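Asks: This is the structure I want to talk about, given as structure tokens.
The values are calculated or read from the model by the stated rules, or taken from the named source; none is laboratory data. For clarity, every value in this text was computed on a predicted model and none was experimentally measured. Quick reminder, even Gly has a Cβ in these numbers, built from the backbone with ideal geometry, and neighbours come from all protein chains shown. To get the accessible areas, we keep the full protein, side chains included, count just its heavy atoms, and leave off ligands, DNA and RNA. Shrake-Rupley method; radii C 1.70, N 1.55, O 1.52, S 1.80 Å.
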Amino acid sequence: MKLAFFGAEGKAGSAVVRRLEAAGYDVRGIELGDEPDVAGCEAVVDFTTPEAAPANVRAALEQGVSCVVGTTGWEPAELGAFAAGKGLRLFVAPNFSIGAVLMMRFAREAATHFPRAEIVELHNEAKKDAPSGTARATAELIGGGPEIHSVRLPGLVAHQEVIFGGEGQLLTIRHDTTGRESFADGVLLALEKLGDLPPGLTVGLESLL
Ligand code: NAP
């Protein structure tokens, strides 16, 4: 299967591309300044920046190609409607790591027993948006407007704790991404299921699990 990949040289993109190629995908990397030519590709993947992703996705949809997007910090609703009008799919996930999605699922369950929670998300200092898309999605999922604390330091990859406080007890649910290869599991799953999704926008890996 032929893929176009925006951000193939980036930290996340390069790790994901290695795994996609090992899985047999023929990947065409498209870098900043390249013509966004995705003709002949069956899908487009984007791991770029919140500023670049909307234009990349629009260019792909205009060329009739569905998209899988990992870039966080942008609002995909309008392009989801554009995709639906063309009978195409736009799949966006704030976190492509299956472990992180399970962490969110377990947090949702814990929230039914512990109404007070705060979220701590920790990422490498190069991450441009804060709070992270995963933290915002977790907050929405567990409800109650939990406080989100963002830490940006060298040495970190992508980590999140959801801390629940009750009378005389604490429950911490934590996920650590130690290597960016972990995002490829979710991207592979999204590419496999993309054609089965309804046209338009689908958000979150949990909708595929
Ligand atoms: P990064 O290392 O800065 O990589 C971004 C890459 O995109 C760079 O190679 C950059 O090129 C390139 N780029 C920028 N504008 C572009 C354009 N218009 N067309 C093509 N390529 C372009 O950042 P990262 O850590 O890989 O993260 C990338 C994005 O993915 C962020 O939004 C991050 O939050 C997100 N992310 C999501 C997940 C997930 O699971 N959903 C996981 C990891 C990261 P230059 O260096 O030349 O500017």
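Asks: Condition first: touching a His at 6+ places or on another chain (Cβ under 7 Å) and away from the ligand (no atom under 16 Å from the Cβ). Now tell me which residues in region 120-147 satisfy that.
Replies: Residue satisfying the conditions is Val120 alone.
Asks: Give the residues of region 180-192 that are in a helix (DSSP H, G or I), over 23 Å from Ala110 (Cβ atoms) and within 16 Å of the ligand (Cβ to nearest atom), sorted by residue number. Break it down stepwise before answering.
Replies: Filtering region 180-192 down to residues in a helix (DSSP H, G or I) leaves 182-192.
From what is left, the residues that are over 23 Å from Ala110 (Cβ atoms) are 183-185, 187-192.
Of everything in region 180-192, those that are in a helix (DSSP H, G or I), over 23 Å from Ala110 (Cβ atoms) and within 16 Å of the ligand (Cβ to nearest atom) turn out to be Phe183, Ala184, Asp185, Val187, Leu188, Leu189, Ala190, Leu191.
Asks: Run down Gly80, Gly73, Gly40 and say which single residue is away from the ligand (no atom under 13 Å from the Cβ) and at positive phi.
Replies: Numbers: Gly80 fails: at positive phi; Gly73 fails: away from the ligand (no atom under 13 Å from the Cβ).
The match here is Gly40.
Asks: Between Ser182, Ser207, which is under 13 Å from the mean Cα position of the chain (by Cα) and surrounded by fewer than 17 Cβ atoms within 10 Å (Cβ to Cβ)? Before you say what the answer is, go through the steps one by one.
Replies: Numbers: Ser182 fails: surrounded by fewer than 17 Cβ atoms within 10 Å (Cβ to Cβ).
Only one candidate passes the filter, namely Ser207.
Asks: Which of the residues belonging to region 1-37 are part of a loop (DSSP other than H, G, I, E, B), aliphatic (A, V, I, L, M), within 14 Å of the ligand (Cβ to nearest atom) and surrounded by 13 or more Cβ atoms within 10 Å (Cβ to Cβ)? Show your work before the answer.
Replies: The first filter runs over region 1-37 and keeps only residues part of a loop (DSSP other than H, G, I, E, B), leaving 1, 7-10, 23-25, 31-37.
With aliphatic (A, V, I, L, M) added as a condition, the list becomes 1, 8, 23, 32.
Checking the rest, the ones that are also within 14 Å of the ligand (Cβ to nearest atom) come to 8, 32.
Passing the criteria: only Ala8.
Asks: Show the residue pairs meeting these rules: Cβ distance below 6 Å; 6+ apart or different chains; first residue within region 2-16 and under 8 Å from Glu31 (Cα atoms); second residue in a helix (DSSP H, G or I).
Replies: Listed by first residue and then by second, the contacts come to Phe6/Asn56; Gly7/Gly13; Ala8/Val17.
Asks: Something else: Looking only at residues that are touching a strand residue (DSSP E or B) at 6+ places or on another chain (Cβ under 7 Å) and not hydrophobic (A, V, I, L, M, F, W, C) in region 39-67, which one is most open to solvent (accessible area, probe 1.4 Å)?
Replies: Out of the qualifying residues, it is Glu42.
To keep it simple, each residue is scored yes or no on (1) in contact with a Pro (Cβ under 9 Å, 6 or more places away or on another chain); (2) at pLDDT below 95; (3) buried (at least 23 other Cβ atoms within 10 Å of the Cβ).
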| residue | (1), (2), (3) |
| --- | --- |
| Val69 | yes, no, yes |
| Glu78 | yes, no, no |
| Ala81 | no, no, no |
| Arg89 | yes, no, yes |
| Lys128 | yes, yes, no |
| Gly144 | yes, no, no |
| Val162 | yes, no, yes |
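Asks: What are the pairs, 6+ residues apart or on separate chains, where a residue within region 27-46 that is more than 20 Å from Leu188 (Cβ to Cβ) has its Cβ under 7 Å from a residue that is more than 8 Å from the ligand (Cβ to nearest atom) and open to solvent by 40 Å² or more (accessible area, probe 1.4 Å)?
Replies: Ala39/Gln63; Gly40/Lys2
Asks: What is the residue count in region 164-179 for residues that are more than 16 Å from the ligand (Cβ to nearest atom) and either of a type in the set (Phe, Trp, Tyr) or open to solvent by 50 Å² or more (accessible area, probe 1.4 Å) (or both)?
Replies: Let us first name the residues in region 164-179 that are more than 16 Å from the ligand (Cβ to nearest atom), namely 164-174.
Then keep just the ones that are either of a type in the set (Phe, Trp, Tyr) or open to solvent by 50 Å² or more (accessible area, probe 1.4 Å) (or both); that gives 164, 167-172, 174.
Residues meeting the conditions: 8.
Asks: Turning to a different aspect of this structure: Please determine whether any residue of region 104-118 is open to solvent by 30 Å² or more (accessible area, probe 1.4 Å) and of a type in the set (A, V, I, L, M). Please lay out each step first, then the result.
Replies: Quick first cut of region 104-118, residues open to solvent by 30 Å² or more (accessible area, probe 1.4 Å) only: 105-106, 108-109, 112-116, 118.
Filter once more, so that each one left must be of a type in the set (A, V, I, L, M): none.
For region 104-118, residues open to solvent by 30 Å² or more (accessible area, probe 1.4 Å) and of a type in the set (A, V, I, L, M): absent.
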